[in-house]
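S.K.: Before I ask anything, let me first share the structure, which is written out below as structure tokens.
Laboratory data are not the source of any read-out in this text; all were calculated from the coordinates shown. Predicted model, so just to flag it, every value in this text is computed and none were measured. Glycine gets a Cβ as well: all are built from the backbone with ideal geometry, and neighbour counts include every protein chain shown.
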Amino acid sequence: MISFLTENIKMPELDRKRVRTWITAVAATYDGRKVGNLNYIFCNDERILEVNREFLGHDYYTDIITFDYSEPGVVSGDMFISLDTVRSNSVKFRTSYDSELMRVIIHGVLHLCGINDKGRGERALMEAAENCALEMWKNKTIR
């Protein structure tokens with residue numbers, strides 16, 4: 001089950017059915033993984049900073065924090081997404097807000113599928129995986 005929740009912010013406009021279908025399709029491309037319980041919690045910068053400090057000991061803003069509760073073959077987790085940071089990143093990276101939001105949404109799922117982005121060479125792998133997933137979205141192969 002994929003849920004979309006908010007904390008201290010208005011829910012972004014999403015075609016939730018299509019997003020759920022897309023997430024499920026992307027997860028399946030990684031060794032046939034299934035989707036378990038995924039919770040997207042959309043929030044503001046202040047809330048994501050609180051989560052970052054409390055659970056990770058980091059004192060900075062970020063676009064997404066993913067908590068992994070996956071089991072073999074099933075992706076599950078909670079993903080906090082700062083819509084403030086998504087908006088500022090869309091300006092910084094010269095992309096639309098909607099495109100940046102979709103990138104961040106799938107970024108969390110890719111983490112749950114085992115793709116990391118902190119180690120040497122991992123960022124390039126993550127970006128390639130994001131781009132592949134975004135092509136599925138943009139090409140409307142997901143209905």
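S.K.: Please sort 25-35, 78-88, 102-112 by packing, taking for each peptide the average over its residues of neighbouring beta carbons within 10 angstrom, highest first.
M.R.: Values: 25-35: 16.0, 78-88: 20.8, 102-112: 23.0.
Top of the packing list down: 102-112, 78-88, 25-35.
S.K.: Looking only at the chain, where both bridge partners belong to it, what percent of the DSSP beta bridges are antiparallel (to the nearest 5)?
M.R.: Numbers: 6 of 19 bridges.
Roughly 30 percent of the DSSP beta bridges within the chain come out antiparallel.
S.K.: Follow-up question, since we're still on this one. Tell me the mean residue ellipticity at 222 nm calculated for the chain from its helices only (DSSP H runs of n ≥ 4, each -39500 (n - 2.57), averaged over every residue, nearest 500).
M.R.: After summing the helix terms and dividing by residue count, I get -14000 deg cm²/dmol.
S.K.: Roughly how big is the chain's charge dipole about its Cα centre, with Cβ charges of +1 (Lys, Arg) and -1 (Asp, Glu), in debye to the nearest 20? Before the final figure, lay out each step's value.
M.R.: Details: 19 positive and 21 negative charges, 130 e Å.
The dipole magnitude comes to about 620 debye.
S.K.: Obtain the nm distance between the two label points defined at Lys34 and Thr6 by a simple spin-label model: each point lies 7 Å from its Cα along the Cα-to-C-beta direction.
M.R.: Between Lys34 and Thr6, the label points sit 3.3 nm apart.
S.K.: Just how far, in whole angstrom, is region 1-48 from region 112-135 if you go by their alpha carbon centroids?
M.R.: 18 Å
S.K.: With each label point set 7 Å from Cα along the Cα-Cβ vector, what nm distance links Phe55 and Cys132?
M.R.: 2.6 nm
S.K.: Suppose the chain between Lys17 and Ser88 were pulled fully straight at 0.36 nm per residue; how much longer would it get relative to their current alpha carbon spacing?
M.R.: Values: separation 71, 0.36 × 71 = 25.56 nm, distance 2.64 nm.
Extra length available between Lys17 and Ser88 comes to 22.9 nm.
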